[in-house]
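Encoded as structure tokens, the structure appears first; notes follow it.
Only the coordinates and a few stated rules stand behind these numbers; no lab work does. The shown structure was predicted, so the numbers you read here are calculated from the model rather than taken from an experiment. Note: ideal-geometry Cβ built from the backbone for every residue, glycine included; neighbour counts use all protein chains shown.
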Amino acid sequence: MTLDKYVFRLWVAPFLGGLVLVMSVLLLGRLLKLLKMATSSGQAFSLIVDLLQMTMPYFLLLTVPMAFFLAMQSAITSLQQNSEMDALRASGISYKRMFRSFFAVAILLWLGLTYTSMVLLPQGQLGFNNLLAKIYAMKGVITFSPQRFTRGFDGITIYVDGEDEQGIYRGVILEDHRGGISVIYTAESARFDMTGSQLQLSLDKGVRLEGQEDDQRMLAFDKYMVSIPTSDGNWKQRHSSDHVTMMTPEELWQAVKKNSPGAVAEWNRRLLLPTTVLVLFFFALPFSLTQKRSGKAGSMIAGIALLVLIYNLQLMLHRQVSLGALPGWTMWAEQGTLLLLGIFLWKRAEADRLPKVFSQAGEWVYLLHQFVMHKLGHRLGKS
């Protein structure tokens, strides 16, 4: 128990510090976006606070596994750099025994994140969209948040990757299911213009997909116009059944049984996102064992690269499943493959048989760091 407490203390401070730091950055970015929308209202401060609270479940699902993994890496490299790990291994203590407290924490976080994903996340999405509807109605204008699905119109869902200084949106996905048949538009860029009670979407260089499976039709275009009625800027109250991301678990399961691709993708995403913390637990050890002189930098950079890879794979598969291009089990196959790979690498670490690339990665980063610092010192000396 003394060892468990000591290892846990090495982990908890970096975890809390990293969680607060990353959450603060994400919330600050969202705050700046919300300020543009709500400052014209006399209730701007309370509206922004409410909106930020509703985004917390989504941010927690992203940041808690990251903070857990990086804090675990920090604790392991600290033990290694101080030769404490060598002493523990020499006394017959295995890595499994050494870091069992981390596994217990991972299980607790997985359970908490599963509740967050299945219950709190759709509640936050529903509240966020309803509050945005009120803000848009008060302002009489419409904007779209980058990398979020906007559902303020009847039967329309819009996603944009970002917006440039000229007001052009990049990486646009639009789903139009007003007629009972899902029509999906993807475009490299688009401009959104209000004309009376209509929102005109001018899409550039994209594809229009209509129907599903064998009845699906595809049209490539250079330019395409879509008109959406906005009811004079008054957005209607949203309900949980309006979109899969806002559905309760019961509503979502009923949609899954109807083989809706969007519902299948969302159901699997809600279940799989929390399991990321378990996958990352097994990768933490093999990605942290580097040569001592390289310090923490090499393992941390490798860990960040792993996080980027895992989250991008999840995002890519979620999009493909939601479009009906891939079956839902592919999302589980990806997560299961990563889990098995992590377990395999952990066992190789226990047997001191990790591939050399893991121990050498930190050394490469260390040598690169020394080279850069030498060059900078040389240039500063000349100046």
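Observations
- Net length available on complete extension from W329 to A90 is 81.7 nm, with 0.36 nm assigned per residue and the Cα-Cα distance removed.
- Projected label distance in nm at L3 and R100, using a 7 Å step from Cα toward the beta-carbon: 0.9 nm
- Efficiency of FRET between L108 and L31 - r from beta-carbon atoms, R0 41 angstrom, step 0.05: 0.85
- For segment 246-252, 3J(HN,Hα) per residue [Karplus equation, 6.51 cos²θ - 1.76 cosθ + 1.60, θ = phi - 60°, Hz, x = Gly/Pro]: 10, 6, 5, x, 5, 5, 5
- Here the calculated FRET efficiency for T248 and V183, from their Cβ-Cβ distance with R0 = 30 Å, stands at 0.70, rounded to the nearest 0.05.
- Near Q335: Cβ cut-off under 14 Å, other residues only, Lys/Arg at +1 and Asp/Glu at -1. The net charge is +1.
- Under Karplus coefficients 6.51, -1.76 and 1.60, residue-wise ³J(HN,Hα) of segment 15-23 in Hz, glycine/proline x: 5, 5, x, x, 5, 5, 5, 5, 4
- Peptides 82-95, 159-172 ranked from most to least packed, by the mean per-residue count of other Cβ atoms within 10 Å: 159-172, 82-95.
- Packing, as the average of other Cβ atoms within 10 Å across residues, places the peptides 6-18, 63-75, 114-126 in the order 63-75, 114-126, 6-18, highest first.
- Here is the list for segment 297-354: trypsin sites (Lys or Arg not before Pro) lying in DSSP coil, each with at most 16 other C-beta atoms within 10 angstrom of its C-beta, are R353.
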